[in-house]
Amino acid sequence: MPLFVRPAVGPSSTVSARSALPPARALEVIAPISLPATWTGWGPFPAVLSVEAQTGGWDAVGQTRRPQLADDGEVTETIIEYTAGVGFAYELTGFTDVFDRIVVGVRGEWTFTPDGDGSMVRWTWEFKPRFGRRPIVAGVIVPLYRHYMRQIIRATVHLAERGSGSSPA
């Protein structure tokens, strides 16, 4: 059963960046991009140090991996949607750090749409807060996390355009 059932929408944040890569190519390179190279940590949010137990090339529904975080935590990431040339969505569950006390999980989604010769890359995180934690998530976590997301999407697009982002973590 999916973590998120519509229409119950949790607090969310969306960021975007333009890429010189066409949508299909941007998706091809960004989906499997190295998390340690792009999730370098900011403020209260830990860096991703490594990724363990990845199944597949990170391009199909049901594939999973376990990002290892700089605060000694980890999380399970599972692809729940993948549409070639368009985008993918994933869920993060089983946080073992402080996030476990705040959220049940997160739904992330990357979409790639045409923008001239390149693409517009959009990334959304939707949080599913634990009971009673919605005000903390909406009022504190989301605004802070949006700053970190901007840092990550810029690093991701830059690495993808350099052509070195297709190696797994």
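No value in this document is a laboratory result; all are computed from the given coordinates. On a predicted model such as this, the values are computed, not experimentally measured, just so you know. Neighbour counts run over all protein chains shown; Cβ positions are idealised from the backbone, glycine included.
Taking the stated definitions as given, is GLU81 under 22 Å from GLN54 (Cα atoms), in contact with a strand residue (DSSP E or B) (Cβ under 9 Å, 6 or more places away or on another chain) and in a strand (DSSP E or B)? Walk me through it before giving the result.
Numbers: under 22 Å from GLN54 (Cα atoms): yes; in contact with a strand residue (DSSP E or B) (Cβ under 9 Å, 6 or more places away or on another chain): yes; in a strand (DSSP E or B): yes.
Yes: the conditions hold for GLU81.
When you look at PHE99, is it part of a helix (DSSP H, G or I), more than 18 Å from VAL29 (Cβ to Cβ) and of a type in the set (Phe, Trp, Tyr), yes or no?
yes
Which numbered condition in (1) charged (D, E, K, R); (2) within 15 Å of the chain's Cα centre (by Cα); (3) not in a loop (DSSP other than H, G, I, E, B) is the only one that ARG25 fails?
Only one criterion is unmet by ARG25, namely (2).
In contact with a Gly (Cβ under 7 Å, 6 or more places away or on another chain) and acidic (Asp, Glu): is that true of GLU52 in this structure? Please lay out each step first, then the result.
On the way: in contact with a Gly (Cβ under 7 Å, 6 or more places away or on another chain): no; acidic (Asp, Glu): yes.
The answer is no for GLU52.
Just wondering, is there one or more residues in region 75-83 that are farther than 19 Å from THR124 by Cα and more than 14 Å from the chain's Cα centre (by Cα)?
Among the residues of region 75-83, not one is farther than 19 Å from THR124 by Cα and more than 14 Å from the chain's Cα centre (by Cα), which makes the answer no.
Name the residue, out of VAL142, VAL103, VAL157, that is farther than 30 Å from ALA20 by Cβ and crowded, with 17+ Cβ neighbours inside 10 Å.
When all the criteria are applied, what remains is VAL103.
For the list (1) crowded, with 19+ Cβ neighbours inside 10 Å; (2) over 15 Å from PRO11 (Cβ atoms); (3) of a type in the set (A, V, I, L, M), I need the number of the one condition that ALA70 fails.
All conditions pass for ALA70, except number (1).
Each row is one residue, and each column tells you yes or no for (1) surrounded by 15 or more Cβ atoms within 10 Å (Cβ to Cβ); (2) in contact (Cβ under 8 Å) with a residue 60 or more places away in the chain; (3) among the small types (Gly, Ala, Ser).
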position	(1), (2), (3)
THR55	no, no, no
ALA60	no, no, yes
THR76	yes, no, no
GLY108	yes, no, yes
PRO114	no, yes, no
THR124	yes, yes, no
PRO129	yes, yes, no
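State yes or no: is ILE136 of a type in the set (A, V, I, L, M), more than 18 Å from ARG65 (Cα to Cα), surrounded by 16 or more Cβ atoms within 10 Å (Cβ to Cβ) and without any contact (Cβ under 8 Å) to a residue 40 or more places away in the chain? So that I can check it myself, show each step before the final result.
On the way: of a type in the set (A, V, I, L, M): yes; more than 18 Å from ARG65 (Cα to Cα): yes; surrounded by 16 or more Cβ atoms within 10 Å (Cβ to Cβ): yes; without any contact (Cβ under 8 Å) to a residue 40 or more places away in the chain: yes.
Against the criterion (of a type in the set (A, V, I, L, M), more than 18 Å from ARG65 (Cα to Cα), surrounded by 16 or more Cβ atoms within 10 Å (Cβ to Cβ) and without any contact (Cβ under 8 Å) to a residue 40 or more places away in the chain), ILE136 qualifies.
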